Amino acid sequence: MLRGVLGKTFRLVGYTIQYGCIAHCAFEYVGGVVMCSGPSMEPTIQNSDIVFAENLSRHFYGIQRGDIVIAKSPSDPKSNICKRVIGLEGDKILTTNPSDFFKSHIYVPTGHVWLEGDNLQNSTDSRYYGPIPYGLIRGRIFFKIWPLSDFGFLRDSPNGHRFSDD
Amino acid sequence: MAQSQGWVKRYLKAFCKGFFVAVPVAVTFLDRVACVARVEGASMQPSLNPGGSQSSDVVLLNHWKVRNFEVQRGDIVSLVSPKNPEQKIIKRVIALEGDIIRTMGHKNRYVKVPRGHIWVEGDHHGHSFDSNSFGPVSLGLLHAHATHILWPPERWQKLESVLPPERILVKSEEE
């Protein structure tokens, strides 16, 4: 009787470890479902939207300008941020308004990216904490699955002028 | 004839079952618990690689200890290089968030380490590409804590978490 219970417990633990490891490999190397919160990516991603993120681009260093990425927050490694890549290493980023007369630029250093939210008025991003290292990027968001009214691939940035590196 | 075919099928089934158990478990273990790595370069001499290019130390990297990003001053850690995400670098933690440190070769003489960041330096000052070059690094880049030297056998030892005496902090967060 005791041996039966022990046997069942071991089998349960074994299956839990096995499926936990498969889940880790899937999330780490392929992708997963993520729920986003916060207003900084409106209107592309609203609060409480559920999206699909893939991690293959990060491993093959295929992140490009205009991609929406999930990254670890530079000031709090336990939380994630979701922003759009505006500049890659070497790009020239305009840090003043396009309408200002005296323009100031910053060059993105090697190994770093410049992130901005689509909702420029309400987003804490690289304009506040500077460029972040590429190593903090976790994955690329490319598909929205909830709400169903907005199901499909994600739109391009509404702030088109941010991509000109003149 | 039917018997030997049944044997092959059963063998393949057992192989697939074992494969799909062993590979994810091994990968998860190497990613989350511990792995082993060879150290290259002279930036951590004399603690690591004192023999230069003749013999590279092999260290045990403990991921489990840093799963909550908890490190102490003096720990030897491996992290993703902020300048080159394809490379991992191994350095010693000198200062934690909130500490004020006097730098050696950085553009600012004194730096306060921002929230969520750490200051790392190699033990071999002058031959080390560390925070004196690229500034404080975000804790999100932390990869593992190097706890032991495993090879060569005459260098088996536990790596101590001790701050080099000349790198006393100007002001630590606890004061």
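So here's what we get for this one:
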{"item": "Those residues of region A:114-149 which are assigned to a helix (DSSP H, G or I) and either without any contact (Cβ under 8 Å) to a residue 60 or more places away in the chain or out of contact with any helix residue (DSSP H, G or I) (no Cβ under 8 Å at 6 or more places or on another chain) (or both), in sequence order", "result": "A:120, A:121, A:122, A:126, A:127, A:128, A:129, A:134, A:135, A:148, A:149"}
{"item": "Some residue of region B:43-59 being part of a helix (DSSP H, G or I) and either within 14 Å of another protein chain (Cβ to nearest Cβ) or surrounded by 13 or more Cβ atoms within 10 Å (Cβ to Cβ) (or both)", "result": "no"}
{"item": "In region A:28-64, residue nearest to residue A:159 (Cα to Cα) [restricted to those that are more than 12 Å from the chain's Cα centre (by Cα) and charged (D, E, K, R)]", "result": "A:42"}
{"item": "Selection count, region A:74-84, where residues are within 14 Å of chain B (Cβ to nearest Cβ), surrounded by 12 or more Cβ atoms within 10 Å (Cβ to Cβ) and not β-branched (Val, Ile, Thr)", "result": "5"}
{"item": "Any hit, region A:58-66, residues being in contact with a strand residue (DSSP E or B) (Cβ under 6 Å, 6 or more places away or on another chain), within 23 Å of residue A:130 (Cβ to Cβ) and assigned to a helix (DSSP H, G or I)", "result": "yes"}
{"item": "Residue count, region B:1-28 (criterion: surrounded by 14 or more Cβ atoms within 10 Å (Cβ to Cβ) and closer than 30 Å to residue B:79 by Cβ)", "result": "4"}
{"item": "Filtered residues of region B:116-169 (kept if at positive phi and in contact with a Ser or Thr (Cβ under 8 Å, 6 or more places away or on another chain))", "result": "B:116"}
{"item": "Candidate set from region B:137-174 (those that are part of a strand (DSSP E or B) and either of a type in the set (Gly, Ala, Ser) or touching a Cys at 6+ places or on another chain (Cβ under 7 Å) (or both)); member that is farthest from the other protein chains (Cβ to nearest Cβ)", "result": "B:146"}
{"item": "Residue check, residue A:27 more than 14 Å from chain B (Cβ to nearest Cβ), touching a residue at least 24 places away in the same chain (Cβ under 8 Å) and either of a type in the set (D, E, K, R) or under 30 Å from residue A:149 (Cα atoms) (or both)", "result": "no"}
{"item": "Lone unmet requirement of (1) surrounded by fewer than 19 Cβ atoms within 10 Å (Cβ to Cβ); (2) away from chain B (no Cβ under 14 Å); (3) not charged (D, E, K, R) for residue A:130", "result": "(2)"}
{"item": "Subset of region A:72-92 [free of Cβ contacts under 8 Å to residues at least 60 places away in the same chain and part of a strand (DSSP E or B)]", "result": "A:80, A:81, A:82, A:83, A:85"}
{"item": "Residue B:67 within 11 Å of chain A (Cβ to nearest Cβ) and basic (Lys, Arg)", "result": "yes"}
{"item": "Residue selected from region A:47-70 under the condition within 15 Å of residue A:118 (Cβ to Cβ) and within 14 Å of another protein chain (Cβ to nearest Cβ), by the criterion surrounded by the fewest Cβ atoms within 10 Å (Cβ to Cβ)", "result": "A:70"}
{"item": "Residues within region B:131-160 that are of a type outside the set (A, V, I, L, M) and within 16 Å of residue B:79 (Cβ to Cβ), tallied", "result": "11"}
{"item": "Inter-residue pairs, beta-carbon under 8 Å, first free of Cβ contacts under 8 Å to residues at least 12 places away in the same chain and in region B:136-150, second of a type outside the set (A, V, I, L, M), 6+ apart", "result": "none"}
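One line per residue, one yes/no per condition, for (1) within 14 Å of another protein chain (Cβ to nearest Cβ); (2) surrounded by 11 or more Cβ atoms within 10 Å (Cβ to Cβ); (3) closer than 30 Å to residue B:17 by Cβ; (4) at pLDDT below 90:
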{"residue": "A:4", "(1), (2), (3), (4)": "no, no, yes, yes"}
{"residue": "A:8", "(1), (2), (3), (4)": "no, no, yes, no"}
{"residue": "A:34", "(1), (2), (3), (4)": "no, yes, no, yes"}
{"residue": "A:72", "(1), (2), (3), (4)": "yes, yes, no, no"}
{"residue": "A:86", "(1), (2), (3), (4)": "no, yes, no, no"}
{"residue": "A:96", "(1), (2), (3), (4)": "no, yes, no, yes"}
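The values are calculated or read from the model by the stated rules, or taken from the named source; none is laboratory data. Worth saying up front: this structure is predicted, and the values here are computed from it rather than measured. Every residue, glycine as well, gets a Cβ built from its backbone with ideal geometry; the counts of neighbours run over all protein chains shown.
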